[in-house]
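Below: the structure, in structure tokens.
The values are calculated or read from the model by the stated rules, or taken from the named source; none is laboratory data. Since this is a predicted model, take the numbers as computed values, not measurements. We place every Cβ from the backbone using ideal geometry, glycine too, and count neighbours over all the protein chains shown. Side chains included, ligands, DNA and RNA excluded: accessible areas come from the protein's heavy atoms. Shrake-Rupley method; radii C 1.70, N 1.55, O 1.52, S 1.80 Å.
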Amino acid sequence: MKRRLRSLDGSYSCEADVFEPDRYRQLLSLGAEVKMAVQGGGISLTAASFGGGARVINMRRFNRLLGFDPERGTVEAEAGITLGRLSAFLVKRGFTVPVQPAHPQITLGGCIAANVHGKNPYRDGLFGGLVERLRLFHPAHGELMLSREQNGDLFDLTCGGYGLTGMIVSARIRIAPLGGNCCEVTHIRVADLADTFARLDELKESHDLLYSWNDLARFDRHMGRGYVVAGTFVDREPAPAGPRRLPRLDPHRGSVARLSLINPVTLPALTALYYRASRGAGPRILDLTRALFPAVERTFYFSAYGRAGFIEHQILVPDSRRLDYLGEFEALVRRHRQPIGLASLKLLQGRQRLLHFDGSGVSFCLHLPNRPGPRALLEELDALNSQYGVITNLIKDSRLSAVTARHQYPEFDRFVGRLGAFDPGRLFVSALSERMAI
Amino acid sequence: MRSLVVGASAGLGRALAEELARRGHDLYLVASDERDLEPLARDLTLVHGVTVHTHAADLAALDPTDLRAGYDQRFDDLDCLFLVAGLGDPDDSGSVDPVLLDRLIAVNFAAGVRIVNVFLDDLATRPGAHIVGVGSVAAARARRNNSVYGASKRALEFYFEAIRHYLADAPCRVQFYRLGYMATQMFGDRETMLPVARPEQVARAMVDRLGGASGVRYLPNWWRWVMLLIRLLPWPIFKRLDV
Ligand SMILES: Cc1cc2nc3c(=O)[nH]c(=O)nc-3n(C[C@H](O)[C@H](O)[C@H](O)COP(=O)(O)OP(=O)(O)OC[C@H]3O[C@@H](n4cnc5c(N)ncnc54)[C@H](O)[C@@H]3O)c2cc1C
Ligand SMILES: NC(=O)c1ccc[n+]([C@@H]2O[C@H](COP(=O)([O-])OP(=O)(O)OC[C@H]3O[C@@H](n4cnc5c(N)ncnc54)[C@H](OP(=O)(O)O)[C@@H]3O)[C@@H](O)[C@H]2O)c1
């Protein structure tokens, strides 16, 4: 079926032939005649699951739970299962997936392929770390079972491989006991970004949720003010109710708001209002759905940037250079005076390899209107990032060039080489892989 | 409650299996490919805690006594029999390839009759029992496309009427649905100006009606008015329609 598909940030769209197999004989008989892109929830910010002229294979019908072992702490499911469905099952049984991105429509396959992080990546690591084994299908290789022990190289390439090694059919992952039936969340005020670093450092070992919201839409001495969101799972009777309706995030329908309600003129007032509404709030009890998936009720936000959309620029600044970087970052933002729609910081701890958004440092997640002014700021940021050993999250930034990414990721060519060795015909592609010249 | 769903691996049959499991039915699921049935059975067992067994068989070559024996090995009694499987084909118009023709009749009609037949005597006397069949709006008025499919579905409906008559004084209910368009593989990519129902929505309506009266119903219900209009269209106009 021909469909128009759009990236969540609104910056890319194309017509694609979409196929939704719902039987194994349909999935496993897909041939190698046409280029394919694998799609899970299809809600990535960037066009990673379509584009490049590929036929899109949507995995949403392969969403069944296959196994649950509370003793070992594992769950196995088909890759099209959404985190929302998986979570509803696990929470009732006192478990959770320790690494979960912020929206329940995201699928297990999407989490593995983008090797995503959760709400306290410093403590919990990346999603790939949870995966024990997975089943991959590639028309030229058939069905393959992958784990660290079996086909380890391919396992390594597939976790964080952006769907380019084939279709993840199912996976077994580690789960963890859930600390409570709701989450106690505190907003801790911070004066600026340096203060945010300090607060995150203090709290990084002790909280289940830990990230910040900072106001980067003002350029005075209060630039970067905001709060750190620190949450811990607790038990309360009765547990607070979750949202009655979960609005659907459907970027492929296009922007609801033709006008951009979030723009450089409205942003300073909007962020000031947001700051005022949230500051000083004492501990609050949040239901699990809102705590695990904070973006669940913010569907409108993503279309409020209007037709041209926005750019999410997420970077990881190495710990050793973060204060020097901060000085230059702030100077650059002040010089450009482009209000930033959302700024959120998290800490990560790990080792950067292949194309993984990983390493030890502080992650800045920034949303900017997709306009010439903010893009000029981002171009300069790219140059600054390259000087500081900063990496940009490939699944999020739709404007990042192959040259910049190659420069930032020391193992970029290693990834491309290993992928080429496994699949010389390069059957799986996407707009992302084309832009990255992978 | 124990339900047997024929055509349970995808589309409406899968949605029905999910809805029945949600309401606590133990299930016996039939379709042609164990690779689809087994994960569904695992999912329903894990999520809803019901007992699910599967039976992989091609309906076009089904031995109904095998199905019956398989069922009896796993469960004692049957409460609800759902005949959901169906097969359509774009080449089902005019002169049809004989192999396809046989298959369309077998899957859409003959297999259903054979399956009802092997369970009928037990279901007939069982309080609260149901036999539920699935037809199509395609069978409401004959047209050049889907000719064998439509005729087979009409034949199945006719058979259900006969069974309803046969069971008129028995506790077993006989329900038959003329379904409109549903967003499944069978409907595929076709373009239509009419709303297309989600299979989950149709499944819920069918399970809600368990315990209700025997008889024939359109689902979604508004199709009855569309089909009334189509049936009333005079032949000189109808024959010109590209339907
Ligand atoms: C509101 C929101 C909040 C987010 N929060 C976070 C966050 O906190 N942390 C974070 O790290 N990320 C976050 N993300 C990003 C998100 O986690 C990733 O983009 C994720 O990959 C999206 O999953 P999806 O199922 O929509 O996949 P898609 O968008 O469909 O695909 C993403 C990639 O995965 C591949 N893929 C999907 N399924 C399969 C499969 N079965 N087999 C092989 N490849 C497959 C695709 O080819 C593509 O490369 C967020 C995104 C949104 C929209
Ligand atoms: N979709 C519509 O718009 C529509 C409209 C009107 C009526 N209907 C009727 O609704 C019912 C459900 O249709 P659907 O849309 O859900 O179809 P579907 O998605 O194609 O599913 C059909 C089901 O029947 C099974 N089946 C088909 N042939 C089989 C065979 N030879 N042996 C065993 N199992 C077989 C399939 O399993 P396997 O293929 O895996 O074996 C599958 O489980 C059908 O009776 C159809 O005629 C559908």
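Run the reach check for residue A:2 against lysines, Cα to Cα strictly under 20 Å, same-chain hits fewer than 8 apart removed. What comes back?
Result set, ordered by chain and number: A:35.
Evaluate the Kirkwood expression for the hydrodynamic radius of the protein assembly as shown, namely the inverse of the mean inverse distance over all pairs of different C-alpha atoms, and round to one decimal in Å. Intermediate values should be presented prior to the final figure.
Details: mean 1/r = 0.0363 Å⁻¹.
Roughly 27.5 Å, rounded to one decimal.
Probe 1.4 Å, all protein chains in place: accessible area of residue A:259 in Å², nearest 10?
Roughly 130 Å² of residue A:259 is accessible to a 1.4 Å probe.
Please list A:334, A:225 from largest to smallest accessible area, probe radius 1.4 Å, with all protein chains kept in place. Let's see the in-between values first.
On the way: A:334 90, A:225 25 Å².
Putting A:334, A:225 in descending order of accessible area: A:334, A:225.
Residue A:300 to residue A:147: FRET efficiency via 1/(1 + (r/R0)^6), r the Cβ-Cβ distance, R0 41 Å, to the nearest 0.05? Kindly include the intermediate steps, with their values, before the conclusion.
Working: r = 41 Å, r/R0 = 1.01.
Step by step, r from the Cβ atoms, then E = 0.50.
For n ≥ 4 DSSP H runs only, could you compute -39500 (n - 2.57) per run for chain A, divide by its residues and tell me the 222 nm figure to the nearest 500? List each step's numbers first, then the result.
Values: 14 runs with 119 residues, N = 438.
Mean residue ellipticity, 222 nm, calculated: -7500 deg cm²/dmol.
What is the mean number of Cβ atoms from other protein chains located within 10 Å of the Cβ atom of each residue in peptide B:28-40, rounded to a whole number?
Details: counts 0, 0, 0, 1, 2, 4, 1, 5, 8, 0, 3, 9, 1.
If you average over the peptide's residues, the count of other-chain Cβ atoms is 3.
Kindly give the semi-axes, whole Å and largest first, of the ellipsoid equivalent to segment B:2-238, taking each as the square root of 5 times a Cα gyration tensor eigenvalue. Please list the in-between numbers first.
Numbers: eigenvalues 155, 76, 68 Å².
For segment B:2-238, the semi-axes come out at 28, 19, 18 Å.
When a/c is below 1.5 the answer is rounded, else prolate if a/b is larger than b/c, else oblate, so apply that to segment A:233-314 with a ≥ b ≥ c taken from the square roots of the Cα gyration tensor eigenvalues.
Values: a/c = 2.85, a/b = 1.54, b/c = 1.85.
Note, shape of segment A:233-314 comes out oblate.
In deg cm²/dmol, rounded to 500, what helix-only [θ] at 222 nm does chain B give when every DSSP H run of at least 4 residues adds -39500 (n - 2.57) and the total is split over its residues? Walk me through the intermediate numbers first.
Values: 9 runs with 104 residues, N = 243.
Mean residue ellipticity at 222 nm (helix-derived): -13000 deg cm²/dmol.
With a 1.4 Å probe and all protein chains in place, put B:147, A:430 in order of accessible area, largest first.
On the way: B:147 40, A:430 5 Å².
Solvent-accessible surface, decreasing: B:147, A:430.
Grab the Cα-Cα distance for residue B:168 and residue B:238, subtract it from 0.36 nm times how many residues apart they are, and report the gain in nm with one decimal. The partial results should precede the final answer.
Working: separation 70, 0.36 × 70 = 25.20 nm, distance 3.62 nm.
Between residue B:168 and residue B:238, full extension yields an extra 21.6 nm.
When the Karplus curve 6.51 cos²θ - 1.76 cosθ + 1.60 is applied with θ = phi - 60°, which whole-Hz ³J(HN,Hα) does each residue of segment A:403-410 get, with x for Gly and Pro?
3J(HN,Hα) across segment A:403-410, in whole Hz: 5, 5, 4, 4, 5, 7, 9, x.
State the Cα centre-to-centre distance between segment A:148-217 and segment A:1-29 in whole Å.
Between the Cα centres of segment A:148-217 and segment A:1-29 lies a distance of 28 Å.
How far is it, in nm, from the label point at residue A:437 to the one at residue A:331 when both lie 7 Å from their Cα along the line to the Cβ?
Placing both labels 7 Å along Cα→Cβ, they lie 3.1 nm apart.
Antiparallel as a % of all DSSP beta bridges within the protein assembly as shown, to the nearest 5? It would help to have the intermediate numbers written out before the result.
Numbers: 68 of 106 bridges.
Antiparallel bridges: around 65 percent, rounded to the nearest 5.
Which of the listed residues, A:151, A:177, A:139, is farthest toward the dipole's positive end in segment A:127-177, when Lys, Arg count +1 and Asp, Glu count -1 at the beta-carbon?
Projecting each Cα onto the dipole axis, the largest value belongs to A:177.
Just tell me which lysines come within less than 22 Å, Cα to Cα, of residue B:239; anything on the same chain fewer than 8 places away is out.
B:153
Once you have the Cα-Cα distance between residue B:222 and residue B:196, take 0.36 nm times their residue separation minus that, and quote the gain in nm to one decimal. Before the final figure, lay out each step's value.
On the way: separation 26, 0.36 × 26 = 9.36 nm, distance 1.18 nm.
Extra length from residue B:222 to residue B:196 when fully extended: 8.2 nm.
Would you list, by chain and number, the lysines whose Cα falls below 17 Å from the Cα of residue A:396, excluding same-chain residues fewer than 8 positions away?
A:119, A:346
At 1.4 Å probe radius, can you tell me the per residue accessible area of chain A in Å²? All intermediate terms of the calculation are to be shown ahead of the outcome.
Details: 16920 Å² over 438 residues.
Using a 1.4 Å probe on heavy atoms only, each residue of chain A averages 39 Å².
Whose amide H sits under 5 Å from the amide H of residue A:311, counting only residues 5 or more places off or on another chain, with H placed in the peptide plane?
A:368, A:370
Separation of segment B:218-243 and segment B:35-105 by C-alpha centroid, Å?
Cα centres, segment B:218-243 to segment B:35-105: 31 Å.
Quantify how strongly other chains surround peptide A:20-33 by giving the mean number of their Cβ atoms within 10 Å of each of its Cβ atoms.
On the way: counts 2, 2, 7, 10, 7, 4, 4, 1, 1, 0, 0, 0, 0, 0.
Taking the mean over all residues of the peptide, I get 3.
Ranked from the most accessible area to the least, with a 1.4 Å probe and all protein chains present, what is the order of A:423, B:76, B:63, B:208? If you can, show how the numbers build up before the last one.
Working: A:423 10, B:76 120, B:63 70, B:208 95 Å².
Ranked from most to least accessible, the order is B:76, B:208, B:63, A:423.
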